[in-house]
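The structure under discussion appears below in the form of structure tokens.
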2 protein chains.
Amino acid sequence: MKKTETRIQKKNHSAIKAAGLKVFAQFGFRGSTLDQIAAESGLSKPNILYYFASKEAIYEALLAQLLTDWLQPVRDIDPAGDPVEEILKYAKHKLKMSRLYPRESRLYATEIIQGAPRIKSVLTGELREVVENLTLLINHWADAGLIRAIDPYHLIFSIWAMTQHYADFDVQVKAILGERDHFEDAEQYLEDMLRRMLTV
Amino acid sequence: MKKTETRIQKKNHSAIKAAGLKVFAQFGFRGSTLDQIAAESGLSKPNILYYFASKEAIYEALLAQLLTDWLQPVRDIDPAGDPVEEILKYAKHKLKMSRLYPRESRLYATEIIQGAPRIKSVLTGELREVVENLTLLINHWADAGLIRAIDPYHLIFSIWAMTQHYADFDVQVKAILGERDHFEDAEQYLEDMLRRMLTV
DNA sequence: CGTTAGTTTGACCAGTTGGTCAAATTATTA
DNA sequence: TAATAATTTGACCAACTGGTCAAACTAACG
């Protein structure tokens, strides 16, 4: 598909995606304008449309990238590993992504809040499947007595909710806690919570 | 302020706010248009601007209403009540609001994700103060040995995150769980989690 | 160095945006 | 019922929207 990408193409594609991420994450698809992305990326509007067919194409490129990054760590959970540690590893990974890539998290959040018009098929397809497998694994662990019996779906939701909260509601968290880094405390709380939920 | 509001004013003000809530919650402030709100409310665009000075005025009226509804249940927590039950009552109340008023939750979420440009002062003011008081109470309870020692801030964040998740990420939750009502299971999970976190 | 392929842009366009306003319509009240 | 106040609207506007395009410019390469 992308056999030969020139130096300039590579640079500009990523500059546009970086700018698009910044703008879309803040204003959502409809609230964002090509002029904003142009200003943010330092390119002219027609130049942006030379590299991406449309505003929507930029948005979809970002979403596609995001979804693979989102799903991979779930797939990386090792069924042969220690259950509590595996779940903890996943949760911590998710939290770290919230700290390092809060804009990606916000972009995803706005898309979902708006009804996920462009990725609903991924939600009911790939995401659902990946989650289904994870719930089976969790139930299997519970049956084997390795963790406490627990609703696997809501366990997963609680991990998502708590980790993404720190990225999506960053302003609110900072308004309450101040500007200093709070991710260390968050991780400790999350670990404590999960251990209590998973061990008998 | 609103001494005499005629029958028609009352009807149209609330029709516009209802329509605005629906539209703003889905598309955010910048992504929403007066034409959408007009269509949704059944009024003409100039007629809407007869009742509200601007698009922004509608949005701010909604946010103001929302914030008081948001803060009240925190204030209603009874310092003299049973700690675990009080916190549980609050969490369940929050979850119920997610079920009954998901659009309000989404409107708030989009505003926060976008950096809370219009309510940052409320966050660092009223909200912070109310949360501060709650953390003092929780610490007090912990000191008295009525609940386990716990980081009160992240406890609050976890309640917010988990309850609002079911409203804000409704599409995703439904993509995974199907269309049937999942709030009963969510409440059970939430209660289980909080009891485990709060009791020794 | 000259040619070609890749890149950038100013000018432009049709549709949409929030908002205005005078005039028409409807409700209220004396 | 007549006059007054409140409500509604069609026509309109300037600014902005995503997108186009031919022409100018720059990089790559034989």
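Of the residues B:ILE16, B:ILE77, B:ILE87, which single one is aliphatic (A, V, I, L, M) and within 16 Å of DNA strand D (Cβ to nearest atom)?
Unique residue meeting the criteria: B:ILE16.
Residue by residue through the stretch A:162-181, note down the ones that are open to solvent by less than 10 Å² (accessible area, probe 1.4 Å) and either more than 8 Å from chain B (Cβ to nearest Cβ) or among the small types (Gly, Ala, Ser) (or both).
A:THR163, A:ALA167, A:ALA175
Going through the stretch B:89-102 one residue at a time, which ones are among the aliphatic types (A, V, I, L, M) and touching a residue at least 12 places away in the same chain (Cβ under 8 Å)?
Correct list: B:ALA91, B:LEU95, B:MET97.
Here are some residues: B:ALA15, B:ALA64, B:ALA57. Which one is within 14 Å of DNA strand C (Cβ to nearest atom) and either assigned by TED's automatic domain parsing to the domain that holds B:TRP141 or surrounded by 12 or more Cβ atoms within 10 Å (Cβ to Cβ) (or both)? Talk me through it step by step, then tell me what you get.
Numbers: B:ALA15 fails: within 14 Å of DNA strand C (Cβ to nearest atom); B:ALA64 fails: within 14 Å of DNA strand C (Cβ to nearest atom).
Answer to the check: B:ALA57.
Quick one: count up the residues across the stretch A:18-46 that are in contact with a helix residue (DSSP H, G or I) (Cβ under 8 Å, 6 or more places away or on another chain), away from chain B (no Cβ under 14 Å), near DNA strand C (Cβ under 10 Å from one of its atoms) and open to solvent by 50 Å² or more (accessible area, probe 1.4 Å).
Adding up the residues that qualify gives 3.
So, in the stretch A:182-200, of the ones that are exposed (fewer than 15 other Cβ atoms within 10 Å of the Cβ) and not in a helix (DSSP H, G or I), which residue ends up nearest to the chain's Cα centre (by Cα)?
Here the residue is A:THR199.
Report, by residue number, each residue of the stretch B:1-53 that is under 24 Å from the mean Cα position of the chain (by Cα) and part of a loop (DSSP other than H, G, I, E, B).
B:SER32, B:THR33, B:PHE52
Determine whether the stretch B:3-11 contains at least one residue that is at pLDDT 95 or above, touching a helix residue (DSSP H, G or I) at 6+ places or on another chain (Cβ under 7 Å) and either away from chain A (no Cβ under 14 Å) or open to solvent by 60 Å² or more (accessible area, probe 1.4 Å) (or both).
Looking for residues that are at pLDDT 95 or above, touching a helix residue (DSSP H, G or I) at 6+ places or on another chain (Cβ under 7 Å) and either away from chain A (no Cβ under 14 Å) or open to solvent by 60 Å² or more (accessible area, probe 1.4 Å) (or both), one finds none in the stretch B:3-11, hence no.
Could you check the stretch A:97-155 and list, in sequence order, the residues that are open to solvent by 30 Å² or more (accessible area, probe 1.4 Å), among the small types (Gly, Ala, Ser) and not in a helix (DSSP H, G or I)?
Answer for the stretch A:97-155, where residues must be open to solvent by 30 Å² or more (accessible area, probe 1.4 Å), among the small types (Gly, Ala, Ser) and not in a helix (DSSP H, G or I): A:ALA144, A:GLY145, A:ALA149.
Let me spell it out: the conditions are (1) surrounded by 19 or more Cβ atoms within 10 Å (Cβ to Cβ); (2) more than 9 Å from DNA strand C (Cβ to nearest atom), and B:PHE52 meets all of them except one. Which number is the exception?
(2)
Within the stretch A:63-71, can one find any residue that is under 22 Å from B:ILE112 (Cβ atoms) and within 16 Å of DNA strand D (Cβ to nearest atom)? Outline the logic, then answer.
Within the stretch A:63-71, the first condition is being under 22 Å from B:ILE112 (Cβ atoms), and the residues that meet it are A:63, A:66, A:70.
The next check asks that each one be within 16 Å of DNA strand D (Cβ to nearest atom); those that pass are A:63.
Scanning the stretch A:63-71 turns up at least one residue that is under 22 Å from B:ILE112 (Cβ atoms) and within 16 Å of DNA strand D (Cβ to nearest atom).
Hey, could you check the stretch A:67-88 for residues that are part of a helix (DSSP H, G or I) and without any contact (Cβ under 8 Å) to a residue 12 or more places away in the chain and say which is surrounded by the most Cβ atoms within 10 Å (Cβ to Cβ)?
Per the criteria, the residue is A:GLU86.
The values are calculated or read from the model by the stated rules, or taken from the named source; none is laboratory data. Note that the structure is predicted; figures quoted are calculated from it, not measured. Cβ: placed from backbone, ideal geometry, glycine included. Neighbour counts: every protein chain shown. The accessibility values were calculated without ligands, DNA or RNA, using every heavy atom of the protein model including side chains. Shrake-Rupley method; radii C 1.70, N 1.55, O 1.52, S 1.80 Å.
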